[in-house]
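Structure record follows, encoded as structure tokens.
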Amino acid sequence: MCAERQSISISGSGHLGGGEYVRVSISGSGRVDGDLVAEELRISGSGKVAGRTEAGQITISGSGRFGGAVRAEEMRVSGSAKVDGPVEAKELKSSGSFHADGDVAAEYFKNSGSFRVRGDVEADLFKASGGFDIEGLLSADKIEIQLGGRCAAREIGGETIRVERPGSLGSALLGGLAKMLTGGGMAELRATQIEADEVHLENTVSDVVRGKRVEIGPGCRIGTVEYTETLKVHEDAKVERPQKV
Amino acid sequence: MDEERLISKKDVLEKMGISYGQLYRWKRKGLIPEAWFVRRSTFTGQETFFPQDKILERIARIKAMKDEHPLDDLAELITTRVNAQLSVALAKLKRIGWLDDELLRSCCTDGLPDEAVSVWQAFVLGVLSRVRRSARDEEIGLVQRTLEQEKRKGLLDRVSEDGVQLYLLRKRIASGGISAEVSVVALSDEGAIFDPDVEVIEVVDLATIVQRINLDLARGEEGHERESMEGEEE
């Protein structure tokens, strides 16, 4: 059946039933009661979808809450988004605050704000310049982290991993912002295990680091480093057990 | 059953000549099941181990196929190949009455592989064989479409975890001298309640179907090992 799909805009306060729409725009306070399928979802006020959300594009500049899984081609968060389930997107960009209770999978995941994920984060390319807390595994072909606050992941794995501490003016400013968002704290990365072919770390604390070519930069405290080709350790870093395997 | 032999991640990488990047990528693409990653504490810290035979065989297969197929298609291909090893299952399905020509014709329009069925196909066949004794043709189609629609959302996993019932319902609506009958298929937890005018035609406990398949596969394992070895020689 192919009922005519419509566009809906809530600019005061209102709610609508779940269903298929072309565009849903919430600029006041709005609620979608069931599952939502839309080409575009825009929340600039405060919006909540009670069920699952499937959309081409999701833009949140206000506050968005999702009661179920979210699937989107593109999701942009500059306000705050909280998802009580997994998130799947081609492109996921957040400069605000982002929270997911399930796994997050994206081809490109870029975050300059703060985010927290209860499950795993999977991406082809992962870039973060704020602070984050990933309770599971962070896995991507390429991982680039500009430390802008407290960063933590249980495990990190991929092809190349590059972690840099704030140095330039730009990242210092971002760092300050992220500090405000994450409630202060050192700009450092904590993990139990980091594995990649190319590893470059700064300000990182981890039990184990494994890789082919490993560079342990300033401010790192690492238990064991297992490497197969090269290992460089900065003088301001501590590696307890370097092992060539 | 004796414990499976385990192999450490770094031994896997060395033995198969692959990189961390590849291993993590294949895991993300679903080519290596999460359940195979066994985390153990060692004196140097956390380490990941794998069931040796399974992981080596799987990686060899991925390496052999990855140049001809995009990575995203590989997961499906590999699972079908793995499931194709369960070729015994097809004969068994016939024997336990889940399969006959009529059912095959009505549900496998894109053709069933000669002797192999995937777990999913076996599952669908099992459900259809249960409903067919009371269902009409179009209702069989409806059941099948419902299952296929939920396949992507991990119906099989949900079935084994939570227990899901499939209901086939009919309701007659009469008004102003016109009457019509509507067929409805619903998936729900046990004990769904319907209005008094609804006639429940069939209830299928999907978990039972899955269990029967798993039992079947377990029994068929020996036979298929031999077959898959022969297949390797080509």
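The table for this structure:
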read-out	value
Selection from the range A:87-109 of residues that are away from chain B (no Cβ under 14 Å) and among the β-branched types (Val, Ile, Thr)	A:VAL87
The lone exception for A:ARG116 - which of (1) over 24 Å from A:GLY130 (Cα atoms); (2) in contact with a His (Cβ under 7 Å, 6 or more places away or on another chain) it fails	(1)
Top-ranked residue of the range A:110-124 - restricted to ones that are assigned to a strand (DSSP E or B) and within 12 Å of chain B (Cβ to nearest Cβ), ranked as farthest from A:ARG190 (Cα to Cα)	A:ASP124
Some residue of the range A:218-230 being away from chain B (no Cβ under 11 Å) and more than 25 Å from the chain's Cα centre (by Cα)	yes
Selection within the range A:11-59 - among the β-branched types (Val, Ile, Thr) and either more than 27 Å from the chain's Cα centre (by Cα) or more than 22 Å from A:PRO86 (Cα to Cα) (or both)	A:VAL22, A:ILE26
Number of the condition not met by B:SER134 [criteria: (1) modelled with pLDDT of 80 or more; (2) surrounded by fewer than 17 Cβ atoms within 10 Å (Cβ to Cβ); (3) part of a helix (DSSP H, G or I)]	(3)
So A:ARG210, is it crowded, with 21+ Cβ neighbours inside 10 Å and either over 27 Å from B:SER41 (Cβ atoms) or within 10 Å of another protein chain (Cβ to nearest Cβ) (or both)	yes
Spans of strands (runs of 3 or more DSSP E) in the range B:1-51 with at least 3 residues within 25 Å of the chain's Cα centre (by Cα) and more than 21 Å from A:ALA191 (Cβ to Cβ)	none
Selection within the range B:27-66 - in contact (Cβ under 8 Å) with a residue 40 or more places away in the chain and within 12 Å of chain A (Cβ to nearest Cβ)	B:LYS29, B:GLY30, B:THR48
Every residue from the range B:187-207 that is closer than 18 Å to B:SER129 by Cα, surrounded by 13 or more Cβ atoms within 10 Å (Cβ to Cβ) and without any contact (Cβ under 8 Å) to a residue 60 or more places away in the chain	B:LEU187, B:VAL203, B:ASP205, B:ALA207
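A quick yes/no check of all residues on (1) of a type in the set (A, V, I, L, M); (2) in a helix (DSSP H, G or I); (3) assigned by TED's automatic domain parsing to the domain that holds B:PRO196; (4) modelled with pLDDT of 85 or more:
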{"position": "B:ASP72", "(1), (2), (3), (4)": "no, yes, no, no"}
{"position": "B:LEU93", "(1), (2), (3), (4)": "yes, yes, yes, no"}
{"position": "B:GLN121", "(1), (2), (3), (4)": "no, yes, yes, no"}
{"position": "B:ILE140", "(1), (2), (3), (4)": "yes, yes, yes, yes"}
{"position": "B:LEU147", "(1), (2), (3), (4)": "yes, yes, yes, yes"}
{"position": "B:ARG170", "(1), (2), (3), (4)": "no, no, yes, yes"}
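Rundown of residues vs (1) surrounded by fewer than 19 Cβ atoms within 10 Å (Cβ to Cβ); (2) touching a Phe, Trp or Tyr at 6+ places or on another chain (Cβ under 9 Å), yes/no style:
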residue: A:LYS82; (1), (2): yes, yes
residue: A:LEU92; (1), (2): no, yes
residue: A:PHE98; (1), (2): no, yes
residue: A:ASN111; (1), (2): no, yes
residue: A:ARG116; (1), (2): yes, yes
residue: A:GLY119; (1), (2): yes, no
residue: A:GLU122; (1), (2): no, yes
residue: A:PHE126; (1), (2): no, yes
residue: A:SER129; (1), (2): no, no
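The values are calculated or read from the model by the stated rules, or taken from the named source; none is laboratory data. Here the structure is a predicted model, which means the values were calculated and not measured. With ideal geometry, Cβ positions are generated from the backbone for all residues, glycine too; neighbour counts draw on all protein chains shown.
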